[in-house]
């Protein structure tokens, strides 16, 4: 019986093995790139909102504190979106005929709430608590970026698991004095790594426990 | 159900005896009907469904239907592989009631009836995960007979929830 395969098929079989491995590698690489791309993470994507609210104007321009509108950020898991009443606290006096603010006034008149589109939306299998991060000295800026420079709200961090874990492994880089949590940019003291480590100690951040699964998936 | 049941004939016992006594017969059998190879048994063996089962009288075959349903189910699961999260809305209050902290539970004292008697208890109103609507999540007694109330508290919670909220 003659040979089943021509000697040239040796080269072909070697080539197909290498090509197969390469194909799997390329597929994994494409998946990783797309998964981290703004298409998937929606980083820097501006979402449609009922009112084009400018954080830049209210935070940097007027100097409003985050907690004026995000009432429950220190007390609860959810930072809180201001009730229409909070908007109307000022806007019944200023800009009260602005057409841009008509949805707010309409909501206050009719009792029908404004429907904002979530910009920072964690998956439902992730537990996140704002209050504990505030209490341990993590600034808003660490996850939300320079909100004081955003005319329209957008995400700047992916908020994917690797982003959370970066900080949960080495929180000393992101901690700041508690009274600087709600400040941005130059208003925050630059800390040396040693000072960051001191804050970890002072705020009793249990770094060893921070990467346990149940901390975020409960 | 369309066919009438065939009357069972008496078994051919002689043939059974002959088969059993034949040398080297190591076949297993589960009933005398099988052993006698009665026509009822053979019919039962070759029919896919028992005689009483309702017939699938649709031209669209049962297997074809299951095939399509299986495919659509697995494709529905594939939507979980989408790279983007679905858009979600945040709907705040217009006028936020007092004592409400969004995202936090609210406890208040109330009473619930147990065996016809009012029992003082604490009620916890929580935020139901995704929709963030408020619902009574748990009730625990202020005093007395905790286990009995605990046993019944889940049905109490159901009573207190307004399904049209």
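How would you order B:26-33, B:97-104, B:11-18 from highest to lowest mean count of nearby Cβ atoms within 10 Å? Walk me through the numbers on the way to the answer.
Numbers: B:26-33: 10.0, B:97-104: 14.2, B:11-18: 12.0.
Most protected by this proxy first, the peptides run B:97-104, B:11-18, B:26-33.
Relative to the first principal axis of the alpha-carbon coordinates of chain A, what is the inclination of helix A:8-36, with its axis defined by its Cα atoms, in degrees from 0 to 90 and to the nearest 10?
Tilt of helix A:8-36: around 0 degrees.
What is the packing order of peptides A:67-75, A:157-165, taking the mean over residues of other C-beta atoms within 10 Å and listing the highest first? Working shown, then result.
Working: A:67-75: 18.6, A:157-165: 15.0.
Packing proxy ranking, top to bottom: A:67-75, A:157-165.
Cα axis of helix A:193-202 to longest principal axis of chain A: angle in degrees, 0 to 90, nearest 10?
Long axis of A:193-202 versus the principal axis of chain A: about 70 degrees.
After finding the eigenvalues of the alpha carbon gyration tensor for region A:24-88, what semi-axes result from the square roots of 5 times each, listed largest first in whole Å? Numbers along the way, then the final one.
On the way: eigenvalues 260, 45, 25 Å².
Equivalent ellipsoid of region A:24-88: 36, 15, 11 Å, largest first.
Calculate the mean, over all residues of peptide B:93-106, of how many other protein chain Cβ atoms lie within 10 angstrom of the residue's Cβ.
On the way: counts 10, 13, 8, 8, 1, 0, 0, 4, 8, 12, 11, 7, 1, 0.
Average per residue, whole number: 6.
Could the peptides A:135-142, A:87-94 be put in order, highest first, of the mean number of other beta-carbon atoms found within 10 Å of their residues?
Values: A:135-142: 19.5, A:87-94: 14.2.
Averaged packing, sorted descending, gives the order A:135-142, A:87-94.
Work out the mean other chain Cβ neighbour count within 10 Å for the residues of B:80-91 and drop it here as an integer.
Numbers: counts 0, 0, 1, 7, 5, 8, 1, 6, 6, 6, 11, 6.
Mean partner-chain Cβ count within 10 Å for B:80-91: 5.
Using C-alpha positions alone, give me the convex hull volume of chain A per residue in cubic angstrom. Write down the numbers at each step before the final one.
On the way: hull volume 49.5 nm³, N = 218.
Output value, Cα hull per residue: 227 Å³.
Read-outs throughout are calculated quantities, based only on the coordinates presented, and are distinct from any laboratory measurement. This structure is a prediction, so every number in the text was calculated from the model and none was measured. Using ideal geometry, Cβ is built from the backbone for each residue, glycine included, and neighbour counts are taken over all protein chains shown.
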